[in-house]
Every structure is written in C-alpha cells, then in structure tokens.
Amino acid sequence: MASQYAQSGDARGTILGHPKGLFVLFFAEMWERFSYYGMRALLIFYLTKHWLYSDGRASLIYGAYTSLVYITPVLGGWLADRYLGQRKAVLFGAVVLTLGHFLMAIEGSGGQTDPTINVFWLALSFIIVGSGFLKGNISVIVGQLYPLTDVRRDGAYTIFYMGINLGSLIGVLIAGYLGETYGWSYGFGAAGVGMLLGLLVFIWGKPLLLGRGEAPSDELLAKPVAGVKLEWWLYAVGLGAIAVLWVLVQLQELVGWMLLISGALLLGYIAWIAFTKLAREERDRMLVIIFLLLLQPVFWGLFEQAGASVNLFTDRHVDRILLGWEVPTTWFQSVNAAFIILLGPLFAWLWTALGRRGLEPSTPAKFGLAIVQVGLGFLLLVWGTQAMGVSAQTSMWLIVLLYLLHTTGELCLSPVGLSAMNRLAPLHMAGLIMGAWFFATAGGNFVAGKLSELTGAENATSGEGAKELFLDVWSSVGWVAVGIGVLVLLLSPFVKKLMHVDTLKDHEAGDALLGDGEVGEPQAPGAHPATRPAG
C-alpha cells in the first residue's frame with residue numbers, strides 16, 4: 001500500500017518535493033480561512049453597531065455561533081467517513097459556505113426590528129453547516145496524499161498550517177478594512193469572494209488530488225432510497241440542518257445547556273469505557289485524555305476573547321494611532337496569525353531541541369504553561385493600563401503583547417493537545433477522542449461568550465466605568481487562569497506517569513494518527529497536530 005501511494009503521489013509531479021494536490025488544498029483552505037476570520041473580525045461590531053445588541057447579548061451570540069462552528073465538524077467528518085468521502089463533503093461544504101458568506105452581505109437597514117435580521121441568522125446557519133462539512137475533512141485529504149510512514153507528512157501539514165494562518169492574516173486585513181471603512185456589505189462580500197475562490201480552486205484541482213478522499217462505496221451512494229439516490233438525501237440532511245441551526249443560534253442559552261449536558265455525558269461515556277473495557281495502561285491514558293479535555297474550555301474561554309471582549313475594548317479604549325494614522329480595530333485580529341507564522345517553526349525546533357537533551361516539558365506541563373500564559377496576557381494588559389491611568393487611552397502595544405502571550409500559549413497547547421489525543425487514544429477509539437477534542441473546543445468558545453458577557457454589564461457600557469469593568473473581569477479571570485496553570489504544572493509529573501509513554505506501541509503512536517482515513521474506525525476531522533482548532 002505504501003509503495004503504491006508513493007508512486008501515485010509522484011504521478012503528476014511535485015512542488016517542493018510534495019504532491020501538487022497539497023497546494024490545491026493549501027490554497028482552498030487559505031481562502032476558506034480568509035473568509036472565516038475576515039467575517040469573524042467584524043461580527044461583534046456588526047452585532048453591536050448594526051443590529052444594536054448590547055455587549056452582553058452580542059457576546060452570547062458570538063459564543064454560541066463559534067461553539068456551533070466547532071461542533072458540526074464532528075458530524076460532518078462522520079458523514080464523510082461513512083458515506084460521502086472527504087472530497088464530496090468538502091465540495092458541498094464549500095458551496096454552502098460561499099452562499100452563507102454572501103448572505104452576510106445583505107445587511108438591511110439595521111436594528112432588531114428590521115426583518116432582514118432573519119437573513120443574518122440564516123447566513124450564520126449556512127456558515128456553521130458549511131464549516132461542518134469542510135473543516136477537518138480537508139485536513140483528512142492532506143493525510144491521504146502520503147503513506148503512513150512517509151517522512152514528508154509533518155512537512156506537508158506544516159505547509160498546510162501556514163495556509164490556514166496566511167488566510168487568517170490576509171482575510172482580517174482586507175475584509176476587516178473594507179467592513180470598517182466602506183460598510184458591512186463590503187467586508188462580508190469580500191469574505192464571500194474569498195470563499196468562492198477557495199471553491200473554484202478545489203474544483204479546478206480535483207485531478208491533482210490523485211483520487212484521494214473519495215466515497216467508501218460509490219454503489220452505496222447511488223443506491224435509491226424512496227426513489228432518490230442516497231447521496232442526494234445526505235445533501236438534504238445538510239440543508240435540513242441549516243433550518244435547525246437557524247433556531248439554535250438564536251437560542252444561545254439553550255446551546256449552553258446542550259453543550260454542558262452532552263459534554264458531561266460524553267466524558268462520562270469515555271470514563272465508563274476506560275474503567276470497564278480497557279486494560280490498566282490504556283485506562284490510565286484515557287484518564288489523562290479526560291484531564292486534558294477538561295482544561296480545554298479554560299484556555300479557549302480566555303483565548304477566544306480576541307474576537308469578543310478584547311475586540312470591543314480595542315475599539316473603544318485603545319490608542320490606535322500609528323505614525324499619524326488610525327489602525328483599523330479589526331487589524332489587531334491578524335496579530336495572532338502573524339505571530340503563529342513567525343513563531344510556529346521556532347516552537348517546532350524548540351521542542352525537538354529540548355527533546356534531544358531530555359529537557360522537553362511533558363504534555364500536561366505544556367498545557368499548564370499555556371494556561372499560565374493566557375492568564376498572564378490579561379494580567380499584563382490590566383497592569384499596563386492601570387499604570388498608564390484608566391482615564392487615558394491604553395497603548396496598542398499592550399494589546400500586541402497580550403496576543404503574543406496568547407499565541408505562545410496556543411503553540412504550547414493546540415498542536416500538542418491534538419498530538420496527545422492521537423498518541424494516547426486506543427486505535428478503536430481514535431475518532432471518538434478527536435470528536436471529544438473538538439467538542440471541548442466548542443465548549444471553550446461558549447465559555448468565551450459568557451466571559452465576554454460579563455464585561456458588558458448593562459450598568460457600565462460607556463465611559464471610564466465600562467473600561468474598569470473590562471479590567472476587573474480580566475484581572476479576575478487572569479488570576480484564576482494563572483492559578484489553574486500553576487496547579488497543572490505541579491500535577492504534571494503525576495499525570496505524565498499515567499501516560500505510560502515508555503510502553504506505547506508503534507501502531508498507537510503512528511497508525512492512530514487521525515486524518516489518514518485508512519486505519520481504524522471512521523476518523524474524526526482535525527487530522528493532525530498541526531491543524532489547530534482556532535484555525
């Protein structure tokens with residue numbers, strides 16, 4: 001199998017030693033991330049300035065939307081693995097996403113009494129469902145271009161990861177600028193154009209994908225059900241899900257309760273499997289997975305303030321004048337992507353260099369460091385603002401410093417956590433565990449909305465009192481995060497022992513990598529340590 005893949009991988013030539021199909025996926029994903037992050041940078045302002053929601057309600061809507069974006073890929077990945085195949089799932093998702101982003105450009109007159117707001121809810125629903133089919137499945141195809149033992153795999157995902165962050169960087173700069181300067185429809189329209197370009201690249205590049213990501217059974221897809229091919233029924237399910245999400249995205253508290261209850265059931269099920277079905281070492285590793293999953297909402301709840309409370313604070317309370325020119329607020333959303341591009345290779349080298357010397361921190365220790373850094377980012381912003389005087393505009397460089405610490409924290413947690421899920425999960429549970437990872441990420445996004453809601457209390461939405469409320473909330477959550485991070489660091493030697501790294505078998509550390517679509521149970525999306533949830 002490996003030799004066959006290696007030969008077919010070179011059948012249409014290579015670029016930089018990689019199959020040309022990798023660069024088709026690179027540009028398709030780059031444009032999809034262009035549209036997603038370009039739209040997200042404007043979303044909180046669109047809610048507060050155009051639809052006239054309060055900060056608190058806008059934050060809840062933001063949290064519900066982003067959490068649903070991270071839940072649906074689990075279902076989209078399952079449908080792709082069992083029926084559609086990744087290529088058709090990505091194609092359908094790209095079409096739905098393109099329609100959703102163009103629907104966002106229909107802004108109406110504004111205000112919650114404007115009936116056009118229903119088009120806005122519909123647009124969000126299209127984007128959520130489209131992300132469910134595309135996000136993750138496109139990463140799976142990357143893995144399918146290479147044999148399991150191909151030494152180019154990590155380099156391929158690094159290239160793909162750069163596409164994610166390049167798209168994020170450019171999307172925020174272009175869509176954010178157009179939306180802030182010329183109007184909402186221009187910014188959201190630019191996001192739609194970006195997604196359309198991604199769709200066209202994916203269609204054009206189909207021959208270069210070398211037949212990867214195709215449906216497990218064409219016969220099954222063509223089988224008629226009630227006189228209609230099964231494939232069309234699956235697309236109908238996707239469209240039907242848009243109607244369900246149109247309701248859910250408007251019921252933010254319901255989304256929160258759904259996440260809490262289903263998350264508890266999911267963790268309970270994993271624990272039940274661990275204690276009743278697995279041998280001691282596998283059980284211990286599953287307990288480590290549960291421990292790491294519980295830390296996810298802590299980190300992402302603070303990290304995802306970037307698109308919510310930090311975005312609002314930057315717009316209202318930060319001096320954005322640089323060389324006589326006012327930097328658009330949304331542009332600060334690109335700082336994280338820029339730091340990822342600059343620091344990602346450095347961290348990859350750092351972990352390798354420390355590992356060779358026996359000094360690399362364990363996975364739980366890296367999680368502890370990540371949570372300390374995300375909390376410290378807020379504390380330094382608070383301390384710097386207080387030192388300058390709350391009545392004065394905060395320096396933009398404090399915001400940049402916050403994003404720097406949040407990015408270094410992300411690099412300690414996101415790729416490391418995905419790698420840990422892949423390494424520690426038994427092969428037959430790999431899909432379930434990756435689904436749980438995405439589910440925990442979704443929970444973190446909803447927590448982010450709830451935390452941001454606290455900064456928008458109705459009795460302090462303007463002036464110095466509003467600024468102090470931001471600082472009070474961030475100081476509290478910052479100290480809590482630092483405390484949790486330190487506790488995780490103290491517990492990390494014990495947790496590391498439960499990982500039983502020295503007895504991991506080769507097939508658990510290698511073949512269990514998700515995203516290859518060739519081994520084990522149907523694979524969940526988010527296939528490789530390089531594909532971060534925030535991307």
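The values are calculated or read from the model by the stated rules, or taken from the named source; none is laboratory data. Only a predicted model underlies this, so the values are computations on that prediction, with no experimental measurement involved. We place every Cβ from the backbone using ideal geometry, glycine too, and count neighbours over all the protein chains shown.
A few notes on this one:
- Residue in the range 340-360 that is in contact with an Asp or Glu (Cβ under 8 Å, 6 or more places away or on another chain), surrounded by 13 or more Cβ atoms within 10 Å (Cβ to Cβ) and not in a helix (DSSP H, G or I) present: no
- In the range 400-428, the residues that are over 19 Å from the mean Cα position of the chain (by Cα), surrounded by fewer than 24 Cβ atoms within 10 Å (Cβ to Cβ) and over 17 Å from A365 (Cα atoms): V400, L401, P426, L427, H428
- Among the residues of the range 317-326, not a single one is buried (at least 23 other Cβ atoms within 10 Å of the Cβ) and in a helix (DSSP H, G or I).
- Of residues in the range 38-63 being surrounded by 24 or more Cβ atoms within 10 Å (Cβ to Cβ) and of a type in the set (S, T, Y), the one nearest to the chain's Cα centre (by Cα): Y62
- Residue in the range 281-297 that is within 19 Å of L75 (Cα to Cα) and without any contact (Cβ under 8 Å) to a residue 24 or more places away in the chain present: no
- Residue within the range 118-139 that is more than 15 Å from G192 (Cα to Cα), surrounded by fewer than 24 Cβ atoms within 10 Å (Cβ to Cβ) and among the polar types (S, T, N, Q) present: yes
- Cβ-Cβ distances below 9 Å connect the following pairs, each with a first residue in the range 51-63 that is within 11 Å of A308 (Cα to Cα), a second residue that is surrounded by fewer than 18 Cβ atoms within 10 Å (Cβ to Cβ) and of a type in the set (V, I, T), and a separation of six or more residues or different chains: D55/T461; G56/T461.
- Test result for E458, of a type in the set (D, E, K, R), under 18 Å from A274 (Cα atoms) and modelled with pLDDT under 90: no
- Selection within the range 168-213 - in contact with a Lys or Arg (Cβ under 6 Å, 6 or more places away or on another chain) and more than 19 Å from N311 (Cβ to Cβ): L208, G213
- Residue among A430, A442, A466 that alone is at pLDDT below 80 and touching a helix residue (DSSP H, G or I) at 6+ places or on another chain (Cβ under 8 Å): A430
- Residue among L379, L369, L418, L404 that alone is assigned to a helix (DSSP H, G or I) and modelled with pLDDT under 95: L418
- Residues of the range 170-183 classified as surrounded by fewer than 24 Cβ atoms within 10 Å (Cβ to Cβ) and hydrophobic (A, V, I, L, M, F, W, C), total: 4
- Sub-6 Å Cβ pairs linking a first residue in the range 403-421 that is closer than 15 Å to T158 by Cβ to a second residue that is outside any helix (DSSP H, G or I), at least 6 apart or interchain, are S414/R532; P415/P529; P415/A530; L418/P529; S419/P529, ordered by first then second residue.
- Flag if E453 is in contact with a helix residue (DSSP H, G or I) (Cβ under 7 Å, 6 or more places away or on another chain), acidic (D, E) and at negative phi: yes
- Qualifying position, being farther than 17 Å from T330 by Cβ and modelled with pLDDT of 95 or more, among L196, L208: L196
- Residue in the range 184-191 that is within 21 Å of the chain's Cα centre (by Cα), crowded, with 19+ Cβ neighbours inside 10 Å and closer than 15 Å to A94 by Cβ present: yes
- Residue satisfying condition, being among the small types (G, A, S), assigned to a helix (DSSP H, G or I) and over 20 Å from the mean Cα position of the chain (by Cα), within set A306, A337, A236: A236
- Some residue of the range 313-330 being at pLDDT 90 or above, closer than 26 Å to R40 by Cβ, touching a helix residue (DSSP H, G or I) at 6+ places or on another chain (Cβ under 6 Å) and hydrophobic (A, V, I, L, M, F, W, C): yes
- Residue count, the range 242-280 (criterion: crowded, with 16+ Cβ neighbours inside 10 Å, in a helix (DSSP H, G or I) and in contact (Cβ under 8 Å) with a residue 40 or more places away in the chain): 13
- As a summary of the residue check, L381 satisfies the conditions (1) surrounded by 24 or more Cβ atoms within 10 Å (Cβ to Cβ); (2) in contact with a Pro (Cβ under 8 Å, 6 or more places away or on another chain); (3) aliphatic (A, V, I, L, M) except for the one numbered (2).
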